[in-house]
Amino acid sequence: MSDGLRTSARDEEGGSERTCIVTGAKGPPEAMLRFALAPDGSVVPDIRRKLPGRGVWTSLSAEAVRRAAAKGAFARGFRAPAAAPPDLADAVDGLLERDALQSLSMAVKAGLVVSGAFKVDAAIAAGGLAALIQAADAAADGAAKREQALRSRLGEAAAAVARIKLFSSRQLDLALGKANVVHAALKSGAAASAFLARAERLRRFRAGAAEQDPNEGGGDALAASPAASGRSDELAEKPTN
């Protein structure tokens, strides 16, 4: 399954699955995070999987990256001295966030994004939406109105429309090239699919928790929940019936 992100031919790891250096969990490259080793021995996030040389992998989870940095897993994975800063997970979050916002800008250029309450309501009425985008700092009543309009228009089929609430209004302003963006609608199309793939990676990174290390006794793995990630106001939400 492709996530719309190209895997580099320079990636020297063979096979169709990668192994997390923290948990031992396996998964396809698009469901994992790759890291490369710089000449100075520093660990470099490679979210597009394009950097040359041997890489090591973690699960797509901020907690997995934190544990890898804290436990010296990168040095073991590279079989060489590897300096991973304690804020590496924050750096990865920033890269994934920027990648998603750049992809959203491409969807804007493709004419697939409309913003503003009235235009969003009109887009909902017209149908064919891929996602409803709300600013993380949007007022609850405005978000509820858009949700109600979507459910009224589509009924149970509204569940197929992604809800994105990962970005602040200021971030949406910059991505859309407009001021005071709170509500936006994303129409279906190739650029929309590419953005949603990147937004989903960001959501999973923030929400996901590393599986318990089989070599680490005691304690349950953190739940993949807003409370565990500490980013409850920035998670993309799926509707519940």
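The values are calculated or read from the model by the stated rules, or taken from the named source; none is laboratory data. Model, not experiment: these values are computed from the prediction. Here Cβ is always computed from backbone atoms with ideal geometry, including for glycine, and neighbour counts include all displayed protein chains.
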Would you please list the contacts, defined by Cβ atoms under 9 Å and residues six or more apart or on different chains, that run from a residue in segment 54-74 that is within 25 Å of PRO39 (Cβ to Cβ) and without any contact (Cβ under 8 Å) to a residue 24 or more places away in the chain to a residue that is assigned to a strand (DSSP E or B) and acidic (Asp, Glu)?
none
Report every pair of residues separated by at least 6 positions or lying on different chains whose Cβ atoms are under 6 Å apart, first residue within segment 141-160 and in contact (Cβ under 8 Å) with a residue 12 or more places away in the chain, second surrounded by fewer than 17 Cβ atoms within 10 Å (Cβ to Cβ) and not in a helix (DSSP H, G or I).
ALA159/PRO239
Of the residues that make up segment 42-54, is at least one assigned to a helix (DSSP H, G or I) and closer than 30 Å to ALA135 by Cα?
no
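On the given criteria, is ASP99 in contact (Cβ under 8 Å) with a residue 24 or more places away in the chain and over 18 Å from ALA162 (Cβ atoms)?
no
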Taking the conditions exactly as written (more than 19 Å from ALA143 (Cα to Cα), aliphatic (A, V, I, L, M) and surrounded by fewer than 23 Cβ atoms within 10 Å (Cβ to Cβ)), does LEU174 satisfy them or not?
yes
May I ask you to list the residues in segment 47-66 that are more than 19 Å from the chain's Cα centre (by Cα) and surrounded by 15 or more Cβ atoms within 10 Å (Cβ to Cβ)?
LEU51, GLY55, VAL56
Given the criteria assigned to a strand (DSSP E or B) and either in contact (Cβ under 8 Å) with a residue 60 or more places away in the chain or not acidic (Asp, Glu) (or both), does THR23 qualify?
no
Residues of segment 55-96 being polar (S, T, N, Q) and part of a loop (DSSP other than H, G, I, E, B), which ones?
SER61
Is it true that SER193 is under 27 Å from ILE47 (Cβ atoms), hydroxyl-bearing (Ser, Thr, Tyr) and touching a residue at least 40 places away in the same chain (Cβ under 8 Å)?
yes
Can you give me the number of residues within segment 132-153 that are within 24 Å of the chain's Cα centre (by Cα), exposed (fewer than 15 other Cβ atoms within 10 Å of the Cβ) and assigned to a helix (DSSP H, G or I)?
2
Counted residues in segment 96-131 being under 13 Å from the mean Cα position of the chain (by Cα) and either under 15 Å from ARG153 (Cα atoms) or surrounded by fewer than 17 Cβ atoms within 10 Å (Cβ to Cβ) (or both) come to 2
How many residues of segment 30-46 are crowded, with 20+ Cβ neighbours inside 10 Å, among the hydrophobic types (A, V, I, L, M, F, W, C) and touching a helix residue (DSSP H, G or I) at 6+ places or on another chain (Cβ under 9 Å)? The answer is 4
Identify, please: which residue in segment 11-29 is at pLDDT below 90 and at negative phi and is, among those, surrounded by the fewest Cβ atoms within 10 Å (Cβ to Cβ)?
GLY14
For segment 102-131, enumerate the residues that are of a type in the set (A, V, I, L, M) and assigned to a helix (DSSP H, G or I).
LEU104, MET106, ALA107, VAL108, ALA117, VAL120, ALA122, ALA123, ILE124, ALA125, ALA126
Within segment 67-94, residues out of contact with any Gly (no Cβ under 8 Å at 6 or more places or on another chain) and surrounded by fewer than 17 Cβ atoms within 10 Å (Cβ to Cβ) come out as ALA70, LYS71, GLY72, ARG76, ARG79, PRO85, PRO86, ASP87, ASP90, ALA91, GLY94
Among the helices (runs of 4 or more DSSP H) contained in segment 158-241, which hold 1 or more residues that are over 20 Å from GLY94 (Cα atoms), at pLDDT 95 or above and more than 14 Å from the chain's Cα centre (by Cα)?
190-207
